[in-house]
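One structure is given here, and the rest of the page talks about it.
The values are calculated or read from the model by the stated rules, or taken from the named source; none is laboratory data. Owing to the predicted nature of the structure, the values given are computational and were not obtained by experimental measurement. Every residue, glycine as well, gets a Cβ built from its backbone with ideal geometry; the counts of neighbours run over all protein chains shown. To get the accessible areas, we keep the full protein, side chains included, count just its heavy atoms, and leave off ligands, DNA and RNA. Shrake-Rupley method; radii C 1.70, N 1.55, O 1.52, S 1.80 Å.
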Amino acid sequence: MADGDEDPAVFTATSLPSDPRLLATVTNAYLGTRVYRDILHVSGVYSGAVGDTHRANVPSPVNVRMALPAAGSPAETFTLNTRTGTFSHVLRSADYTATHQIYAHHSLVHLMAFSITIRRSAHTTQPITVQLQTPFAPKSQDLDLKQGPDFQGAHYVYGKTLVPEVEGGPRPTVHMLWTPVPRALTLRGEERERSWEFLTAVAESEEEVKRSYSEGLSHVAAGSLHSSHVHAWAALWRGCCVELDGPLAFRQALCGCLYYLLSTIPPQGNPGVLFHGISPGGLSNGTRGEDYWGHVFWDQDTWMFPNILLFYPEAARAILEYRIRTLEGALCNAQEQGYEGAKFPWESAATGREVCPEEVYGAQEIHVTGDVLMAFEQYYCTTQDQKLFLEDGGWKLVDAVAQYWCSRMVWSEEEQCYHIKGVMPPDEYHQRVDNSVYTNAVARRSLDFAADVARDFLIPVPEEWVDCARKVKVPFDVEKKYHPEYDGYSPGEPVKQADVVLLGFPLMHPMSSEVRRNDLEMYEPVTELHGPAMTWSMFAVGWLELKEVQRAQSQLNKCFSNITEPFKIWVENSDGSGAVNFLTGMGGFLQAILFGYTGFRITRSGLRFNPAFPDGINRLKVNGVSYLGNKLEFTITRGEIRIEVTESPREPPPSALEAVLEESGQRLPLREGRSVSFPTAAGWIQRSPTETF
């Protein structure tokens with residue numbers, strides 16, 4: 001099949017990977033598992049105290065394998081369909097086809113389900129039996145599970161986590177109902193086709209789990225359980241259509257990254273789902289001792305968040321609400337270290353207290369606090385959602401972060417500037433350094449944003465915020481015209497991962513093209529080749545900014561050594577070590593396309609664009625871009641940009657948008673249903689100062 005004919009969104013294999021960590025995942029915002037794994041995880045349900053806190057293992061009734069008792073070797077395929085969020089196992093012979101489908105329901109998030117369908121394909125009347133193999137036992141090392149009475153034909157267990165995250169803290173309860181799984185299913189001789197549906201419902205209350213299971217049964221009776229799930233995924237994909245004309249492997253990587261990331265976000269229009277953040281390995285991973293134990297890092301706010309925000313501001317808001325809910329823990333973290341305000345944990349679980357098993361990271365890798373606030377800034381610039389800040393706790397968080405940075409700085413009489421001492425940069429090869437350039441720059445950005453928001457809300461801006469922002473040291477070598485990673489950094493020292501290059505993007509720290517180039521050239525050869533997967537996407541973005549498109553693509557191509565077959569699962573490090581289903585790497589890859597190829601930049605004054613394509617990429621269509629309540633479609637080729645407003649909010653009436661071309665200053669009004677086109681060039685989208693709808 002030619003490159004152009006194969007569906008890049010469907011991954012099929014005739015055998016499974018030998019490493020079970022590389023199996024496909026089926027996940028929604030509340031439940032997640034790897035296929036054929038004996039445990040599943042529930043969002044926000046952790047067990048263990050502080051440094052031992054991990055996702056609680058819940059026994060999985062959906063871990064079922066299909067097999068045939070009869071002799072013979074039917075053809076066998078395993079397929080992950082990212083369009084429908086469904087994993088399938090198919091056995092096919094001359095006489096029958098047996099299909100096993102597994103999915104985490106996207107809109108009914110308390111449900112996981114699987115079905116077995118046997119279809120006779122020849123005019124035989126022999127019974128066809130499929131065996132079902134399951135190691136399931138209703139036991140858990142993390143829950144005190146008790147058996148309850150059956151409900152509507154389902155078995156029932158419930159129990160609390162064994163150890164709270166903090167002393168005296170809550171111990172979440174898990175309630176689970178599941179359809180009993182027989183050892184075999186038989187298509188009788190007079191039947192041509194039959195399907196069997198199996199439900200698992202999980203919730204934190206008896207009332208909710210019974211309601212969810214009953215709702216699932218109603219869908220089963222109506223024949224609409226899987227179709228309603230497929231419909232929800234179709235709606236999700238319509239809202240963020242990304243089409244790229246380029247190599248098949250590239251398009252497959254794009255589809256895989258979007259699928260795994262979108263699997264984690266709350267369904268649209270479902271505010272009842274309490275969101276508990278996104279960990280590097282996703283909800284399918286994170287048991288004790290693996291995949292960072294399901295904790296939430298800067299990975300969420302810096303690497304995943306911008307892609308989600310670009311299409312789904314409602315889901316982006318849920319991520320910020322998680323940080324707001326855990327603010328009390330962040331306040332305690334700062335106080336324990338002797339500082340004011342809020343210090344967000346390097347590793348966060350349910351409470352916002354530091355749960356990192358290794359003290360050095362929690363104490364020193366403080367840039368995460370600025371990363372959290374950068375996500376709030378991007379959201380504010382994109383949505384102008386003042387309610388989040390004025391009514392829903394956002395301003396309290398912004399204010400607390402600004403207080404923290406001011407208290408964390410010390411004045412240097414010798415240099416006449418503020419220092420931030422004793423930190424670990426994003427480059428974790430170095431610890432207890434002074435004036436990490438990334439940490440100090442993100443601290444300045446936090447303070448500038450806090451002051452801007454305060455002015456917007458007519459809140460007096462503390463002079464300390466302005467003074468600290470203006471006078472914090474951001475190391476710069478005036479002779480070599482590059483940014484040292486920290487005070488005392490020597491050129492050529494090895495670096496673990498993207499660090500200084502993040503100044504250009506996403507921080508957009510002011511610098512000339514010469515300095516941007518010098519930073520890239522200084523750090524590219526000394527950055528760990530087998531380090532974390534998101535690194536090379538940021539080098540790619542930097543070279544795209546400088547229009548060195550082939551150099552950019554050579555960096556982005558390095559990501560493919562982190563993508564495993566056949567289901568496009570990412571590993572953190574190219575040698576296979578680290579977190580698996582590494583959403584952080586996927587987030588970086590997506591940003592290289594969604595912010596690199598397009599040149600999108602979220603700024604206070606507008607959404608900027610400045611496309612750059614490498615050879616082999618001829619066209620990029622991005623539909624569903626959200627800006628100030630509108631939905632935009634960008635179609636970009638080497639010669640032309642076409643922009644259309646595909647949807648505008650009805651209430652309240654928004655200001656009209658316009659595209660402004662940077663070089664000529666030409667302003668092109670944007671109205672719903674009508675597109676504008678112009679030769680490919682830099683520009684931005686902004687509110688029209690003169691026209692309203």
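Each peptide in 366-373, 94-101 gets a packing score, the mean of other Cβ atoms within 10 Å over its residues, and the list from highest to lowest is 366-373, 94-101. Sorting 463-471, 277-285 by their mean Cβ neighbour count within 10 Å, with the most densely packed peptide first, gives 277-285, 463-471. Estimated from helices alone, the mean residue ellipticity of the chain at 222 nm is -8500 deg cm²/dmol (sum of -39500 (n - 2.57) over DSSP H runs with n ≥ 4, per residue). Taking all protein chains together and rolling a 1.4 Å probe, Y292 ends up with roughly 80 Å² accessible. Which angle between 0 and 90 degrees, to the nearest 10, do you get for helix 437-456 versus the longest principal axis of the chain when only C-alpha atoms count? Compared with the principal axis, the helix lies near 90 degrees.
Helix 535-545 and the longest principal axis of the Cα set of the chain meet at an angle near 50°. Of the three principal axes defined by the Cα atoms of the chain, the extents in descending order read 88, 61, 53 Å.
Suppose the chain between R642 and D467 were pulled fully straight at 0.36 nm per residue; how much longer would it get relative to their current alpha carbon spacing?
This chain segment gains 58.7 nm when fully extended.
Take the Cα of L661, step 7 Å toward its Cβ, do the same at E479, and the gap between the two points is 4.6 nm. Which FRET efficiency value, to the nearest 0.05, is calculated for S677 and S561 with the Förster distance at 45 angstrom and r the Cβ-Cβ distance? That gives a FRET efficiency of 0.70. Straight-line reach from K471: taking Cα to Cα under 14 Å and skipping same-chain neighbours fewer than 8 places apart, the aspartates and glutamates in range are E413, E414, E415, D448, E463. Taking all protein chains into account, the per residue accessible area for the chain stands at 37 Å² (1.4 Å probe).
When the charge dipole of the chain is built from unit charges on Cβ atoms (+1 for Lys and Arg, -1 for Asp and Glu) and taken about the Cα centre, the candidate among H89, Q497, S554 whose Cα reaches farthest toward its positive end is H89.
Highest-first packing order for the peptide set 209-222, 346-359, 438-451 is 438-451, 346-359, 209-222, based on the mean count of other beta carbon atoms within 10 Å.
Rounded to the nearest 10 square angstrom, K558 shows an accessible area of 60 square angstrom against a 1.4 Å probe. Each 5 Å bin from zero up to the one holding the largest Cα-Cα distance in the stretch 10-61 carries the following percent of pairs: 5, 17, 22, 21, 16, 11, 4, 3, 1. Going by the alpha-carbon gyration tensor, a ≥ b ≥ c the square roots of its eigenvalues, is the stretch 339-451 rounded (a/c under 1.5) or, if a/c is not under 1.5, prolate (a/b greater than b/c) versus oblate? It comes out oblate by the Cα gyration axes. The aspartates and glutamates whose alpha-carbon is closer than 15 Å to the alpha-carbon of K568, local same-chain residues fewer than 8 away aside, are D7, D19. The calculated FRET efficiency for D19 paired with T134, based on their beta-carbon distance and R0 = 30 Å, is about 0.90.
Computed from Cα positions, the angle between helix 225-238 and the longest principal axis of the chain comes to roughly 20 degrees. Legend: distances between Cα atoms for K496/K558; K343/K387; K421/K473; pairs beyond 18 Å are K343/K387. Both radii come from the Cα set of the stretch 1-155: Rg as radius of gyration, Rh as Kirkwood radius; their ratio Rg/Rh reads 1.02. Summing charges over neighbours of A24, with a neighbour being any other residue whose Cβ is under 13 Å away from its Cβ, gives +2 when K and R count +1 and D and E count -1. Other residues lying with their Cβ under 13 Å from the Cβ of T646 contribute a combined charge of +2, Lys and Arg counting +1, Asp and Glu -1. Mean projected area of the Cα convex hull of the stretch 82-145, taken over all directions, amounts to 7.0 nm². Just the number, please: carbon plus sulfur as a percent of the accessible area of the stretch 167-237, 1.4 Å probe, no ligands or DNA/RNA counted. C and S fraction of accessible area: 51 percent.
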